[in-house]
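Here is the structure we will look at, set down as structure tokens.
The values are calculated or read from the model by the stated rules, or taken from the named source; none is laboratory data. None of these values were measured; they are calculated from a predicted model. Virtual Cβ from ideal backbone geometry, glycine too; neighbours counted across all protein chains shown.
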Amino acid sequence: MHKDISSCKKYPHNADIAQTLLSYFNTTNKEEGDSSSTISTWRFNQDVTRQLLADYVIIKQEPFRKVKQLAFKRLLSSMHPLWNNISRHMVAKDVVKIFNCEKVTLKNNLCNLKSRIALTTDIWNFIQNISYLYLTGHYIDKRWVLHKRILSFVPISSYRGREIRKVVEKCIHDWGIEKQVSYIAIDNANANDVAIVCLRESLADRSDLILNGKCFHMRCTAHIMNLIVKDDLSESRDCISQICNSVKYVRSSLARAEAFQRCVKEERITYKGGLCLNVVTRWNSTFLMLDDA
């Protein structure tokens, strides 16, 4: 359904919206053979607005159910009276459609690369007791610009090396980059060592690994540094543990946090920052916690 913007005088702010999106619509109209597109000939397009709405959901990381909110419906309807509200399932389909289009474009770019692709991977644990493995590709294009793209973010059922290898290998195969992988950086866990050995043997027959795969496994420098710092801090483990427990105690409830702030004022402490709690996998978080304490 289309409508001339000049007939929307009851909604004067529609002209501002049209002006903002004019370049997009002009491009669309020109592709359709209409080279005389101006503000006066702008027409409402439900499909274009749906695509822009899907872009908004992706960029702002909004939940699909946002389109069901009454205030959001009123906002869209006020922008244009011809807007037909859509369901969260329709938004989800639009987002998946954009994802599939972007994936095809990225896959073509990766297959046409003249350079190698370096991979990094790790496993995330979520509070729902679900683990996810993510794989990121790093490459340099023909203009010598470094790019980083998430190639996979999938649930994984086991921490075993062969399971990790199977998930990573499937991702590499799906993207068709077997012959372009240079190396893979991964944490120094025993399961990861097994996964890399199996993966290297599998790729050796189908790809041209650098130095016959001798440099295929790159150990994570940040993880190594974290292990070194943790080993050094083990001599002060009891002291650090007491500080950590104190921070947990203060942060465990609003009443304790307010009591702590009263103590801060009574002691006339000028520090305005909060209390930081360390994370065992990041040594710098332990430093920040001790510094705050």
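Observations
- Some residue of region 192-199 being farther than 30 Å from F287 by Cα and modelled with pLDDT under 85: no
- Positions within region 172-221 being part of a loop (DSSP other than H, G, I, E, B) and more than 20 Å from Y134 (Cα to Cα), in sequence order: K179, D205, R206, S207, D208, L209, K214, C215
- Scanning region 274-290 for residues that are closer than 21 Å to F260 by Cβ, part of a helix (DSSP H, G or I) and touching a residue at least 12 places away in the same chain (Cβ under 8 Å) returns T286, L288, M289, L290.
Each row is one residue, and each column tells you yes or no for (1) hydroxyl-bearing (S, T, Y); (2) modelled with pLDDT of 85 or more.
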| residue | (1), (2) |
| --- | --- |
| Q242 | no, yes |
| N245 | no, yes |
| S253 | yes, yes |
| E267 | no, yes |
| T270 | yes, no |
| T281 | yes, no |
| L288 | no, yes |
| D291 | no, yes |
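- The strands (runs of 3 or more DSSP E) found entirely in region 80-171 include none that carry 1 or more residues being closer than 22 Å to V57 by Cβ and over 22 Å from the mean Cα position of the chain (by Cα).
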